[in-house]
Amino acid sequence: MHEEQWLLRSDAATLASAATEVRDRLFGTRVTYSPKVFIPLTMLCRDSCGYCTFAQPPARLASPYLTPEQVLAIARHGARTGCHEALFTLGEAPEERYRVAADWLNDNGYDSTIHYLHEMARLVLDETGLLPHANAGAISRDDLALLRDVSPSQGMMVETLRGDLPCHRGAPDKTPERRLATLEWAGELSIPFTTGVLVGIGEDRADRLEALHAIAASHLRHGHVQEVIVQNFLPKPGTAMRDEPPCDTEEFLWTIAAARLVLPDDVHLQAPPNLSDDLAALLAAGIDDWGGVSPVTADHVNPERPWPALERLRAVTEDNGHTLAPRLTVHPEFARNADRWIDPALHFAVLDRSDAEGLGRDDPGEVWPERATAADVVHDGAEVVLIGHRSTAWYSGATEEPPTLIPTASRPVRGRVSAVLDSVRSGEPVDEHGITTLFSARGPEVTAVAEFADELRHEAVGDTVTWVHNRNINYTNVCTFKCRFCGFSKGPMSLNLRGTPYLLTLDDIADRAREAEALGATEVTLQGGIHPDFDGDYYIDVTRAVREAAPSLHIHGFTALEVTEGARRLGEDLVTYLGRLRDAGLSSLPGTAAEILDDPVREILCPDKITTDEWLDCHAAAHEVGLHSNVTMMFGAVEHPESWARHIVRTRDLARATGGFTEFVGLPFVHMASPIYLQRRSRRGPTFRETLLIHAIARIAYWGVIDNIQLSWVKIGASAARQLLRAGCNDLGGTLMDENISRAAGASHGQTMDHGAFTDLIAPLGRRLVQRNTSYGRVDTPRGEATGATSVKISPTSGLETVGTA
Ligand code: SF4
């Protein structure tokens, strides 16, 4: 705690230097903003504040309230321009001052302005998915509680605790008691809350400190203050204070810095970027948030000061050594602790716009609520079709182009991400905390991570891009397990029984293997559900059937779940059982069934599946009997970066011990028809930045331990694949020939891929395409290439399908 007298006596520069140190320690280089649309529900207000141009008399307004159609039109415009937040701003209880407001509410069936606000917030949420933030002033405890199920966060400026300022003489709602009561009730009701102080309305430094201390004390009691806004007074024509001087810059910057020093560490600090010309000075005073920035609407409270364009904000932020990240109306600390802070009715709405850190998804484009209906015809595709407004942002499995993250001009970076990269460069392996830090990269930091990964890729494997000619054989889609992300399995335990359950015979499997060999494949990948009738010998019989039918094929088969179940059903230990599989002809194991190797996440995704330790034990046993395997990670459903880091560290430890992993395979979660998404309990897969970082960071973290980083181009498309190949990846994986369970997770298009298409994909990179076998040996006479017979139909698929199911 900083000594009061020292704060009062110090100048802005002195406080700023202490404040920025605190800010950098707490939040690193990151500065957030909320892309929002501003909805002025009513400009009538029962208060008259000396500085306000927002409140208008009824005579100046065409209607006392925006109509639902007007509200929706504004919100839809916001959704079309990529906003996440609908900021409802309104005067305080106008119906208590103006008859016209009371009549309008009465005529339209509403009890109060807050009741109407509640209905409009719900409308916006339902129709556009924008998250409402209700800025309704000093309202009652009941009204705060009412709004909690439509507005993930709420706000009210404390402004000042001076009760004698002339500017508040006509404002019954601006008494310190009313402001503090609202702040306190919000805490009691666990409402993530935005508040702040106004600087330059007649108060002095001691008054501001008093207000900041009161906010801090309320936060310490309840933990609910997510951000504090320090706002500078500007005189406006037509107001009582039009001739007053604007807030003194020294006082403004002093207050920002003092706020950082007075407020608890977990409270974010904001200054509005449209009310200052020198944005760098605000950063230098200690802020870490720009607040709501609207690409659509004016600031109705300060209409003469438009929002700076996002590109200007980004440039200023990055020029000053920071990175810019979009957030939701709730900050990540609250979004990630939804059970405590967010009404259950809003959990999914928040999750649906979140990235893995709990910030706003940052792929540009429109994000609409996804609505699905059952597909009329289900063969091998998704069992739902999307209806209504289609989002245009990038998602794994969808057809939209990703943003261009690589290549982008690199620029020097500072801070934690840069420190981790420097440490790896100096030979230190990156630990779990360092890996998590790398996942926080934004803007120029993403470029720095990707460029370093690309250097390491060049050092490890040179400039070739490899692929393997393989065929997937999915011998059954019947499964006794109930993984919540799985859109493939059918059977008594699955969510959806409409698809046709099947079980291939050993003859079918042998025929497919024979065909694959004849068409030039070098590998067959065996994967399927866990059929209730299987015993451990089934997998041995399948392996023998394939080995006899196609002696030259590398048999890449059976996940850790299948192996563990097989051994368990026979009562054998893993090493004995894997030895028997090997003797029957099995050549290597896929890494699927790993999903995320972090048990709390597995509890959500696949509660009845093998644990992290069981997956690791199975792969350790496989390596012990001489079977190689790979590491996969299905990411982007429910987990956070900390779990990605644990997954990498745990598999890296095993890789160091056994040397048995051939590659890391990133599998972005495809959400569209996944049961867990349809049950409204997951995100929409990873963002493109996250997808790129997973692969780049895998290259960095597995450096010296796993040489090959494979992308799953069927999920991300060619343009994304090219960017990942510049960010540490060197392998395109397999052709997945005749992959017959495509689109089960709802990916919307199929692709035809062959050697020529792979060549076209990498042509702009100036790298050489090389066909490999499963062990990364070169295939010197690619048979399919020579005959042109390798053209196969493959489609984006769910995380489990590409390299294994169970
Ligand atoms: S992922 Fe595998 S184990 Fe889980 S339900 Fe699907 S098929 Fe079964």
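The values are calculated or read from the model by the stated rules, or taken from the named source; none is laboratory data. Only a predicted model underlies this, so the values are computations on that prediction, with no experimental measurement involved. Note that each Cβ is placed from the backbone with ideal geometry, even for glycine, and that neighbours are counted across all protein chains shown. Ligands, DNA and RNA are excluded from the accessible area calculation, which covers all protein heavy atoms including side chains. Shrake-Rupley method; radii C 1.70, N 1.55, O 1.52, S 1.80 Å.
What the table below lists for this structure:
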quantity: Failed item in (1) more than 25 Å from LEU328 (Cβ to Cβ); (2) in contact (Cβ under 8 Å) with a residue 12 or more places away in the chain, with PHE38 passing the rest; calculated: (1)
quantity: The one condition in (1) crowded, with 22+ Cβ neighbours inside 10 Å; (2) free of Cβ contacts under 8 Å to residues at least 60 places away in the same chain that ASN630 fails to fulfil; calculated: (2)
quantity: Candidates VAL546, VAL524 - the one that is more than 16 Å from the ligand (Cβ to nearest atom), under 40 Å from the mean Cα position of the chain (by Cα) and not charged (D, E, K, R); calculated: VAL524
quantity: LEU586 vs. criteria in a loop (DSSP other than H, G, I, E, B), under 25 Å from the mean Cα position of the chain (by Cα) and either buried (at least 24 other Cβ atoms within 10 Å of the Cβ) or at pLDDT 95 or above (or both); calculated: no
quantity: Odd one out for ARG242 among (1) farther than 20 Å from VAL158 by Cβ; (2) touching a residue at least 40 places away in the same chain (Cβ under 8 Å); (3) open to solvent by 20 Å² or more (accessible area, probe 1.4 Å); calculated: (2)
quantity: Enumeration of residues in the stretch 335-363 that are in contact with a strand residue (DSSP E or B) (Cβ under 7 Å, 6 or more places away or on another chain), in a helix (DSSP H, G or I) and open to solvent by less than 10 Å² (accessible area, probe 1.4 Å); calculated: VAL350
quantity: Test: residue in the stretch 417-439 that is basic (Lys, Arg), touching a residue at least 40 places away in the same chain (Cβ under 8 Å) and open to solvent by 40 Å² or more (accessible area, probe 1.4 Å); calculated: no
quantity: The one condition in (1) in a loop (DSSP other than H, G, I, E, B); (2) among the small types (Gly, Ala, Ser); (3) over 30 Å from GLY170 (Cα atoms) that ALA240 fails to fulfil; calculated: (3)
quantity: The stretch 529-543, residues that are β-branched (Val, Ile, Thr) and away from the ligand (no atom under 16 Å from the Cβ); calculated: ILE540, THR543
quantity: Qualifying residue in the stretch 303-314 (condition: under 30 Å from CYS49 (Cβ atoms), acidic (Asp, Glu), open to solvent by less than 20 Å² (accessible area, probe 1.4 Å) and modelled with pLDDT under 95); calculated: no
quantity: Residue in the stretch 601-609 that is within 25 Å of ARG361 (Cα to Cα) and of a type in the set (D, E, K, R) present; calculated: yes
quantity: Any chance THR464 is in contact with a helix residue (DSSP H, G or I) (Cβ under 8 Å, 6 or more places away or on another chain), at negative phi and surrounded by fewer than 17 Cβ atoms within 10 Å (Cβ to Cβ); calculated: no
quantity: Hey, ALA453 over 18 Å from GLY733 (Cα atoms), in a helix (DSSP H, G or I) and touching a His at 6+ places or on another chain (Cβ under 8 Å) or not; calculated: yes
quantity: Where a residue in the stretch 266-293 is on the phi > 0 side of the Ramachandran plot and its partner, wherever it lies, is open to solvent by less than 10 Å² (accessible area, probe 1.4 Å) and among the β-branched types (Val, Ile, Thr), with Cβ under 6 Å and at least six apart; calculated: GLY286/ILE256
quantity: Of residues in the stretch 256-296 being outside any helix (DSSP H, G or I) and over 26 Å from LEU131 (Cβ atoms), the one least open to solvent (accessible area, probe 1.4 Å); calculated: GLY286
quantity: Identity of the residue in the stretch 640-677, assigned to a loop (DSSP other than H, G, I, E, B) and more than 17 Å from ARG353 (Cβ to Cβ), that ends up nearest to the chain's Cα centre (by Cα); calculated: VAL670
quantity: Search result, residues across the stretch 678-714 that are within 17 Å of the chain's Cα centre (by Cα) and among the charged types (D, E, K, R); calculated: ARG680, ARG681, ARG683, ARG684, ARG689, GLU690
quantity: Residue list for the stretch 1-35, filter: modelled with pLDDT of 95 or more and of a type in the set (D, E, K, R); calculated: ARG9, ASP11, GLU21, ARG23, ASP24, ARG25, ARG30
quantity: Scan of the stretch 598-613 for residues that are within 17 Å of THR559 (Cβ to Cβ) and either within 18 Å of the chain's Cα centre (by Cα) or more than 15 Å from the ligand (Cβ to nearest atom) (or both), ordered by number; calculated: LEU605, THR612, ASP613
